[in-house]
Amino acid sequence: MKFALALLLIFFSFYSVNLKAEQASVITLNIAKPEQAYPPYHWLENGEVKGLLPDIIAATTRLMGNVEVNYVVMPWKRMFELANKGDIDAIMPINKNSERQNYLNFVEQPLIMERMNFVSTTAFNIEFSGDLSTLSNYDVAGIAGYYYGEAYSSSNLNTIELPNEETQVKMLLAGRFPLAILDTNVLPYYINKLGGEKAYKVTILSPPLYEASLHLAFAKKGRYGSQAQPFNEALINLKNTFKYHDIIKTYLTKNTP
């Protein structure tokens, strides 16, 4: 009896040690998310971060098995400042460019592809064939800190940097700006939030300006810069399942808040 009891105690001792080791191996990633709502990609609801991208990240970390996520909501530019210093573990959702790669380890596999279009209204009769030089007489409402592709960056179009998408759409609907650059999946949310189209109707110009990949990126100076590769492998595996495509269909075929 004493021998059996001793074996039982040894078993629970080993179990306790292994459980503590397993718990110690779990890491919590502090991921910065912009404070501006960007449905259907991400938004804040009752203190909880929701949306297409958080769902993809959650499904990916479940495959990794040892990663938990804590979102930190902050202004867009602040995300990059903290990442540059290594004071945040990762940031999302961002486009990849050479300047950002100086201090960020990008997850190579994109979370999703985003398409940017020029958007106008019936207050202006603007035609667009894809030649950026034909828009040289117009101001373009963009977002401060956003990257719209190399072609746009080198076009020398006059960009008015606004703080967020809501301001962009508000100015468009009021006939204040001839052009804005927007993801057309995001556009309906802000039109509805602002009371719908009234004096002017929104027109989406084709072809698209820029198709961008949206990434999660880890701070090189941060605690978990090396996690970009394991996350990348798990995300590739997720994309080979029905789960990833189910998430896409859920958010791109229904109304978001």
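Derivation of every value follows stated rules applied to the coordinates shown; laboratory data play no part. Computed from a predicted structure; not experimentally measured. FYI the Cβ positions are ideal-geometry reconstructions off the backbone, even for glycines, and counts take in every protein chain you see.
Summary of computed values
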read-out: Extension gain from LYS85 to LYS221, taking 0.36 nm per residue of separation minus the Cα-Cα distance; value: 48.3 nm
read-out: Antiparallel bridge percentage (DSSP; both residues within the chain; nearest 5); value: 60 percent
read-out: Using alpha carbons only: equivalent-ellipsoid semi-axes of the range 114-211, gyration tensor based, whole Å; value: 20, 15, 12
read-out: 0 to 90° range, to nearest 10: angle between helix 228-239 axis and the chain longest Cα axis; value: 80 degrees
read-out: Two-site label geometry, ASN237 and ASN66: point separation in nm, points 7 Å out along Cα→Cβ; value: 1.3 nm
read-out: Under 30 Å from the Cα of LYS170 - lysines, other chains or at least 8 residues apart; value: LYS33, LYS50, LYS77, LYS96, LYS193, LYS198, LYS201, LYS249, LYS254
read-out: Surface/4 of the Cα convex hull for the chain, nm²; value: 17.4 nm²
read-out: Rounded FRET efficiency, nearest 0.05, which uses the C-beta distance separating ASN158 from LYS249 and R0 of 35 Å; value: 0.35
read-out: Fraction of antiparallel bridges per DSSP, the range 114-211 only, in percent to nearest 5; value: 60 percent
read-out: Over the chain: helical MRE at 222 nm, DSSP H runs n ≥ 4 each giving -39500 (n - 2.57), nearest 500; value: -10500 deg cm²/dmol
read-out: Projected label distance in nm at ARG78 and GLU211, using a 7 Å step from Cα toward the beta-carbon; value: 3.5 nm
